[in-house]
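A.B. asks: Below you'll find the structure I mean.
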Amino acid sequence: MRKSRGFQGELIIEIPRVATAHCEQLPLIGQLYIARMGYYPKALHHYYHRPHGISQGILLYCSAGRGWVETGGSTSQVHAGEIFVLPMDAPHSYGADPLNPWSIYWMHLAGGQCQAAVAAIMERDGETDRSVQVGYSEERNGLFTHIANTLLKGYSASNLLHANLALPHYLSSFIAPEHFGRPALAEAIASPTEKAILHMQENLSNSLSLDNIARSVNLSVSFFSRRFKKDTGYAPIEYFNYLRIQKACQLLHFGTMRVNEVASAIGIDDPFYFSRLFKQQMGISPAHYKRDKGGNFSS
């Protein structure tokens, strides 16, 4: 049985098209940014076959176990502490070893410098068709978690910038792994906006009102709304809806829930409203997303 999802403890982050389009317009990150990312632990039966490749670079970092990647007519074994990055539009297949399945951190990369990033990581002694040994680093995994946590907070310009400006540092951990060995980055929550976002994340299954969110940080609705919009570029409820659809993507991708059950799980009682909101953010209906499991760009 081969599968692309359903691994206990897994993580997937879908970046809405409106956010990736925003990335393209931001000068500091427009040439290299994250389109999707995730983590699959002990991914038994994990397998993908894309005969035409996809229009993004795919980074596969094996932190435990082993797997394999086939591209360009050759197969490369990928062991713990090794990375393989597939260039854009390269036909490929990859999967987990059936006896010792890999745990992988993965990213889909986009932008005009994507191919250059792939080459920087993969080129060793003129070869690009084999996995590269980079070892294990708590700092590297801490960076991945930091980027993921930033994106899970939503897609404001500041979050997109912060996450994607950390991306070159993360990639450098594979290019120059000898410089990485310090403890993982610490997360801190301080400002009212950050506290409000945490409150949103903890209540994705509820239908929060603007008043409820403002009261969670002890601010008036009017002052809180102005402060939140200034900090994130989004109105609070609009931001909360982005977080809810992100959660919906995970439930649809990983679970067996029906579309109306997913809507209910994120506090939306009207499945038609949920479908409109989902399509507005993701570009496809939740039923289409569930059926396709992320389409040809799933990892």
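The values are calculated or read from the model by the stated rules, or taken from the named source; none is laboratory data. Source: prediction; values computed, not measured. Note that each Cβ is placed from the backbone with ideal geometry, even for glycine, and that neighbours are counted across all protein chains shown.
A.B. asks: Being at pLDDT 90 or above and touching a helix residue (DSSP H, G or I) at 6+ places or on another chain (Cβ under 8 Å): is that true of residue 263 here? Don't jump to the end; show me each part of the working.
C.D. replies: Details: at pLDDT 90 or above: yes; touching a helix residue (DSSP H, G or I) at 6+ places or on another chain (Cβ under 8 Å): yes.
Yes: the conditions hold for residue 263.
A.B. asks: Among what's in segment 248-280 and is part of a loop (DSSP other than H, G, I, E, B) and among the small types (Gly, Ala, Ser), pick the residue that is nearest to residue 209 (Cα to Cα). Don't jump to the end; show me each part of the working.
C.D. replies: Initial filter on segment 248-280 (part of a loop (DSSP other than H, G, I, E, B)): 255-258, 266-270.
Filter once more, so that each one left must be among the small types (Gly, Ala, Ser): 255, 267.
Working: 255: 27, 267: 11 Å.
My answer is 267.
A.B. asks: Could you list all residues from segment 99-133 that are part of a loop (DSSP other than H, G, I, E, B) and either at pLDDT below 95 or in contact with a Leu (Cβ under 8 Å, 6 or more places away or on another chain) (or both)?
C.D. replies: Our first condition is that a residue be part of a loop (DSSP other than H, G, I, E, B); within segment 99-133, this holds for 99-100, 102, 111-113, 123, 125-126, 128-131.
Across segment 99-133, the qualifying residues are 111, 112, 113, 123, 125, 126, 128, 129, 130, 131.
A.B. asks: Under the condition of being over 18 Å from the mean Cα position of the chain (by Cα) and touching a residue at least 60 places away in the same chain (Cβ under 8 Å), which residue from segment 53-101 is farthest from residue 116 (Cα to Cα)?
C.D. replies: Checking each candidate, the answer is 95.
A.B. asks: For segment 66-91, which positions are under 25 Å from residue 167 (Cα atoms), among the small types (Gly, Ala, Ser) and touching an Asp or Glu at 6+ places or on another chain (Cβ under 8 Å)?
C.D. replies: If the condition is that a residue be under 25 Å from residue 167 (Cα atoms), among the small types (Gly, Ala, Ser) and touching an Asp or Glu at 6+ places or on another chain (Cβ under 8 Å), then 67 is the only one that fits.
A.B. asks: Kindly establish whether residue 46 is farther than 22 Å from residue 13 by Cα, in the same structural domain as residue 138 (by TED's automatic domain parsing) and not basic (Lys, Arg). Please lay out each step first, then the result.
C.D. replies: Numbers: farther than 22 Å from residue 13 by Cα: no; in the same structural domain as residue 138 (by TED's automatic domain parsing): yes; not basic (Lys, Arg): yes.
Answer is no for this residue.
A.B. asks: Could you pull out every one of the helices (runs of 4 or more DSSP H) wholly within segment 149-233 that has 3 or more residues that are at pLDDT 95 or above and in the same structural domain as residue 62 (by TED's automatic domain parsing)?
C.D. replies: On the way: elements: 157-175, 192-202, 210-216, 221-232.
Qualifying helices (runs of 4 or more DSSP H): 157-175.
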